[in-house]
Amino acid sequence: MTARAPAAGGRLIANLMHFARTLRAAGLAVGPGKVIDAVDAVRAVGITDRRDFYWTLHAVFVNRPEQRLIFDQAVMGITLGNNRLFCTIKKNDLSPLRPAVDAQK
């Protein structure tokens, strides 16, 4: 396995902790174990592609369908708030993080 560079000048863990606090404040049950899982997952997958990054964190933090909206709102809040967690990944990539197709609803 090859080592991957940490996000935003080595602030990956701090940024993921901030994101986890945002999710916790929004009502999701996010404890230290989830943060550790998120760090491990992101390190395994990498941070070079926004979609992979989104879905990696989604897999860790979203356990039930009703949590998806909270997660998406947190992602948008972090992104629009200019937090470097999502914004520094391919700044010139303006494509959506998630696929627009949601045919199961």
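Convert each backbone phi in segment 33-47 into a coupling constant with the Karplus relation 6.51 cos²θ - 1.76 cosθ + 1.60 (shift: θ = phi - 60°), then list the ³J(HN,Hα) values in order as whole Hz, x for Gly and Pro.
x, 5, 5, 4, 4, 5, 4, 4, 5, 5, 5, 6, 8, x, 10
What does the extension gain come out to for Arg24 and Met76, with contour length at 0.36 nm per residue minus their alpha carbon separation?
Result: 17.2 nm gained on full extension.
What Rg and what Dmax come out for segment 12-87 when only alpha-carbon atoms are used, in angstroms?
11.1, 29
Could you give the length gained on full extension between Asp49 and Met17, defined as 0.36 nm per residue of separation minus the Cα-Cα distance, in nm?
Numbers: separation 32, 0.36 × 32 = 11.52 nm, distance 2.00 nm.
That pair, Asp49 and Met17, stretches by 9.5 nm at full extension.
Tell me which residues come under 5 Å, amide H to amide H, from Ile47 once H is placed; ignore anything under 5 positions away on its chain.
none
The numbers here are math on the coordinates, done by the rules we state, and not lab data. Keep in mind that this is a model prediction, so the values were computed, not measured.
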